[in-house]
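Encoded as structure tokens, the structure appears first; notes follow it.
Please treat every number below as a calculation from the coordinates, not as lab data. Here the structure is a predicted model, which is why all the values come from computation and not from measurement. Backbone-built Cβ (ideal geometry, glycine too); neighbour counts: all protein chains shown.
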Amino acid sequence: VNFSPGPSALPLPVLEEAQATLVTLPEVGASPLEVSHRGSWFTGVIEEAEANLRELLAIPETHRVCFLQGGATLQFSMVPMNLLRGTGRAAAYVVTGSWSEKAVAEAEKEGRVRIAWTGREEGFVRVPDAAELDLPRDAAYAHVTTNETIQGVEFREIPAIDGAVPLVADASSDLLSRPMDLDRFGLLYGGAQKNAGPAGLTIVIVRDDLLERIPDGLGAMLDYRTFVRSSSLYNTPPVFAIYVVLLVTRWLRDEIGGLKAMADLNEEKASTLYSVIDEMPDVYRGHADPGSRSRMNVTFRTIRLPAGELDRAFVEQAEREGMIGLKGHRSVGGIRASIYNAVPLDGVRKLAAFMREFAAGIR
Ligand SMILES: Cc1ncc(COP(=O)(O)O)c(C=O)c1O
């Protein structure tokens, strides 16, 4: 069972389909690694991938879907280049963990940043309520990270913000894990390598009116309008990654039954692990406050001394039993189980059983 934080598990039927077509796509007579991005096969792929994303996420007509490269990390720069540079305003950032802090560091290179809230002093254990946010009414935009992959804190509800301030979100690690009200977002982005597909592709969903704010003179590949005008075909896109996203979106729709069904399953997976943590406070401690717990990245540690040693033993023993990717991020330590869409409930139950056995062994 693959609990890696990203790149991460892909659905088995998707891998099998990608394998079956890897050498030759019957309808083309060539591999998906070999075909032109301007040919009719790929035109069908990118159009259906977008249509499926639109259907799954109920993306409104007012929003464009773009396929970019450069990871979510490039979006840390592109968002302020396109929406902050030259405005004379501040961009407001809600800082809930390591990824938000990285986004802030890039935005500061482009203009003024106002920290609307930070959880740093508390050790990034929770997300804030709307009432705690210090948001200027004339902010160029407000930026949130819907799920902090490293700390394992996630917004259950994105706080209400003044309607005039565009809401921008890094949804890298919970995009497609549940329905999201896209009407509320001016721009939402995410690397594909958690729930959507392989690494090398970033999905950006941007509302039309924000495109009008973009200053002229940006490099073509740094300007969202380039991707909108060319339907993401200005240059050679990551053809294979987009093909896999197509397969993943078909799987989500046809085998899972859409994002509400996916969300219910993800909720069950997460509560399977959190309930073991809560049952055994003498052995495990969860990182996040219960109200902010991530449904994607379950972060916890063992509390017996010497600190860290049992965490390492846990990760090693789990690996021997076929469960990989459980080591916490180097900046936080401990254990992290990333239970994205493609990690099956059975795999999560196996980890929960292992957690109980491991606890019995050290008591
Ligand atoms: C929430 C979040 N934002 C940004 C990133 C950076 O993404 P990338 O490596 O695609 O640039 C990650 C990667 O794990 C992430 O989890």
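D by Stokes-Einstein for the chain, Kirkwood Rh over Cα pairs, 25 °C, 0.890 mPa s: 115 µm²/s. Take the chain and mark each of the GluC sites (Glu not before Pro) that is in a DSSP loop with at most 15 other Cβ atoms within 10 Å; the longest unmarked stretch, sites excluded, is 213-320. Kindly provide the trypsin sites (Lys or Arg not before Pro) of region 17-80 that DSSP labels as loop, not H, G, I, E or B, and whose Cβ sees at most 12 other Cβ atoms within 10 Å. Within region 17-80, the qualifying trypsin sites (Lys or Arg not before Pro) (loop, at most 12 other Cβ atoms within 10 Å) are Arg38. For region 1-58, build the charge dipole from Cβ charges (+1 Lys, Arg; -1 Asp, Glu) around the Cα centre, then report which of Gly44, Ser4, Val14 sits farthest towards its positive end. Going by the charge dipole, the pick is Ser4.
For the chain, the Cβ-based charge dipole about the Cα centre amounts to some 620 debye (Lys, Arg positive; Asp, Glu negative; other atoms uncharged). The dipole here belongs to region 157-248: it is taken about the Cα centre, uses +1 on the Cβ of Lys and Arg and -1 on the Cβ of Asp and Glu, and is about 340 debye. Rounded to the nearest 20 debye, the dipole magnitude of region 109-206 is 260 debye, with +1 charges on Lys and Arg beta carbons, -1 on Asp and Glu beta carbons, and the Cα centre as origin. Going down the list Lys269/Lys350; Lys260/Lys327; Lys269/Lys327; Lys109/Lys327, which pairs span over 22 Å between their C-alpha atoms? Among Lys269/Lys350; Lys260/Lys327; Lys269/Lys327; Lys109/Lys327, the Cα-Cα distance tops 22 Å for Lys260/Lys327; Lys109/Lys327.
One Cα centroid belongs to region 199-259, the other to region 294-350; the line between them spans 32 Å.
Of the trypsin sites (Lys or Arg not before Pro) found in region 98-135, those that fall in a DSSP loop while having at most 16 other beta-carbon atoms within 10 Å are Lys109, Arg120. The mean sequence separation of alpha-carbon pairs under 8 Å and at least six residues apart, normalised by the residue count of the chain, gives a relative contact order of 22 percent.
Which one of Thr249, Ala263, Leu326 has its Cα pushed farthest toward the positive end of the charge dipole of region 233-328, where Lys and Arg give +1 and Asp and Glu give -1 at the Cβ? About the Cα centre, the residue reaching furthest to the positive side is Thr249. Computed from backbone phi with θ = phi - 60° and the Karplus coefficients 6.51, -1.76 and 1.60, the 3J(HN,Hα) list for region 281-292 is x, 7, 10, 10, 10, x, 6, 8, 4, x, x, 10 Hz; x is used for glycine and proline. Of the beta bridges in the chain, as assigned by DSSP with both residues counted there, near 60 percent are antiparallel. Using a ≥ b ≥ c from the Cα gyration tensor of region 1-80 (square roots of the eigenvalues), is it rounded, prolate or oblate, where a/c under 1.5 gives rounded and otherwise the larger of a/b and b/c decides, a/b for prolate? Cα axes put region 1-80 in the oblate bin.
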